[in-house]
Amino acid sequence: MLYLSRKMYFSAAHSYRIDEWDDEQNKQAFGACSNSNGHGHDYTLEVLVKGKLDRSSGIVVNITDIDKVVKEFVQKELDGKFLNKENDYFKKNIPTTENITTFIWNSIDGKIDNCHLHKIRLRENDSLYSEKERSSMVRLTRKYHFCTAHRLHSEHLSNEENIAIFGKCNNPFGHGHNYYLEVTVSGNPDPVTGMIDNLSDIDRIVDQEIMQKFDHKHLNLDTEEFKDLNPTSENVAVVIWDLLEPKLPKLFKVGLFETEKNYFEYLGPENE
């Protein structure tokens, strides 16, 4: 089985509002997105299909066949639209990133010849995207940034072993990174709000549990979590999970970019 990804773009406006609620209720639930006049995004849509290689042609599916289905659908239903007002589905369902992802999946699934839809990813902006696969569950990922110093040193190893393993990262004075954290929740969007979890709640919890503890800190010297724990990015990812999971029951994974080259991902103890 081979997998093929195709990326395309569209622009749309939308508003997060429930007509039966007053302005204050909508604002509490959706924040700035509740503006009745709407706001907009330049979306990036990635469509991943899978299929068997055709030995005679050397391809799984002709890219133009994907474009014919997906681009025509996007141009007709989404691109250049005010979704709440011009799309029948979103006249009844709030056009959250999760709901748009579900709508796209249900609309194009089974319509591309000679392959199967495997996954779609809809990126609303640099800090928010949603994904869906065959399961009814949808995933939503929020991205955060924090700056931190640390020294990689294990008390279980000799000084020579620490230097051999960690090199310059064992510098006694420490060094630092611009970390990028991705927090992913998974579930079925709420039928009323269209959200898996309220974004403002996720932001608040991440700020309290991660940003206030680690941002602009020296992990070894300024935090309780790493007082006796070597702050490798592997350990940082696990600690972040342990801090967030009790407050975010729908947490699916945490992803941590230490640098552009180094990425670490943790899906909890059940997946160890």
Handout entry: Failed item in (1) at pLDDT below 95; (2) touching a Ser or Thr at 6+ places or on another chain (Cβ under 9 Å), with PHE214 passing the rest
Key = (1)
Problem - Top-ranked residue of region 129-142 - restricted to ones that are out of contact with any helix residue (DSSP H, G or I) (no Cβ under 8 Å at 6 or more places or on another chain) and under 14 Å from LEU251 (Cα atoms), ranked as modelled with the lowest pLDDT - result: MET137
Completion exercise
Within region 134-155, residues hydroxyl-bearing (Ser, Thr, Tyr) and assigned to a strand (DSSP E or B) come out as THR141, TYR144, THR148
Problem - Only one of MET8, MET1 that is in the same structural domain as GLY110 (by TED's automatic domain parsing), touching a residue at least 40 places away in the same chain (Cβ under 8 Å) and within 29 Å of LEU199 (Cα to Cα) - result: MET8
Problem - Subset of region 141-167 (residues that are more than 30 Å from ASP197 (Cα to Cα) and either crowded, with 17+ Cβ neighbours inside 10 Å or in contact with a His (Cβ under 7 Å, 6 or more places away or on another chain) (or both)) - result: ALA149, HIS150, ARG151, LEU152, HIS153, ASN162, PHE166
Exercise for the section: Determine if region 221-234 includes at least one residue that is hydroxyl-bearing (Ser, Thr, Tyr), under 18 Å from PHE264 (Cβ atoms) and touching a Ser or Thr at 6+ places or on another chain (Cβ under 6 Å). Expected result: no
Fill in the blank from the handout: Filtering region 54-67 for residues that are in contact with a Leu (Cβ under 9 Å, 6 or more places away or on another chain) and assigned to a helix (DSSP H, G or I) leaves a count of 2
Practice task
Mind telling me which of the residues VAL183, VAL254, VAL239, VAL192 ends up being under 27 Å from GLN25 (Cα atoms), surrounded by 15 or more Cβ atoms within 10 Å (Cβ to Cβ) and of a type in the set (Val, Ile, Thr)?
Solution key: VAL183
Problem - Meets criteria (surrounded by 21 or more Cβ atoms within 10 Å (Cβ to Cβ), more than 18 Å from TYR16 (Cα to Cα) and not hydroxyl-bearing (Ser, Thr, Tyr)) for VAL138 - result: yes
Fill in the blank from the handout: Taking region 197-240 and keeping residues touching a residue at least 40 places away in the same chain (Cβ under 8 Å), over 23 Å from GLU260 (Cα atoms) and of a type in the set (Asp, Glu) leaves ASP197, ASP203, ASP228
Exercise for the section: Would you check which residues across region 41-64 are modelled with pLDDT of 95 or more and over 15 Å from LYS111 (Cα atoms) and list them? Expected result: HIS41, ASP42, TYR43, THR44, LEU45, GLU46
Practice task
Write out, first by first residue and then by second, each pair whose Cβ atoms fall under 8 Å of each other, whose residues are 6+ apart or on separate chains, and whose first residue, in region 161-179, is assigned by TED's automatic domain parsing to the domain that holds PHE214 while the second is among the basic types (Lys, Arg) and assigned to a helix (DSSP H, G or I).
Solution key: HIS175/LYS168
Fill in the blank from the handout: By my count, helices (runs of 4 or more DSSP H) wholly in region 156-265 with at least 1 residues that are farther than 29 Å from ILE100 by Cα and hydroxyl-bearing (Ser, Thr, Tyr) are 233-244
Handout entry: Residue check, PHE30 of a type outside the set (Asp, Glu), assigned to a helix (DSSP H, G or I) and touching a Phe, Trp or Tyr at 6+ places or on another chain (Cβ under 9 Å)
Key = yes
Practice task
Being farther than 14 Å from THR193 by Cβ and either surrounded by fewer than 19 Cβ atoms within 10 Å (Cβ to Cβ) or under 17 Å from the mean Cα position of the chain (by Cα) (or both) is the filter here, so list the residues in region 84-99 that pass it.
Solution key: LYS85, GLU86, ASP88, TYR89, LYS91
Exercise for the section: Sort out which residues of region 1-20 are surrounded by 16 or more Cβ atoms within 10 Å (Cβ to Cβ) and not in a strand (DSSP E or B), and write them in order of number. Expected result: SER15, TYR16, ARG17
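The values are calculated or read from the model by the stated rules, or taken from the named source; none is laboratory data. No experiment lies behind these values; they were computed from the predicted model shown. Note that we place each Cβ from the backbone using ideal geometry, even for glycine, and neighbour counts take in every protein chain shown.
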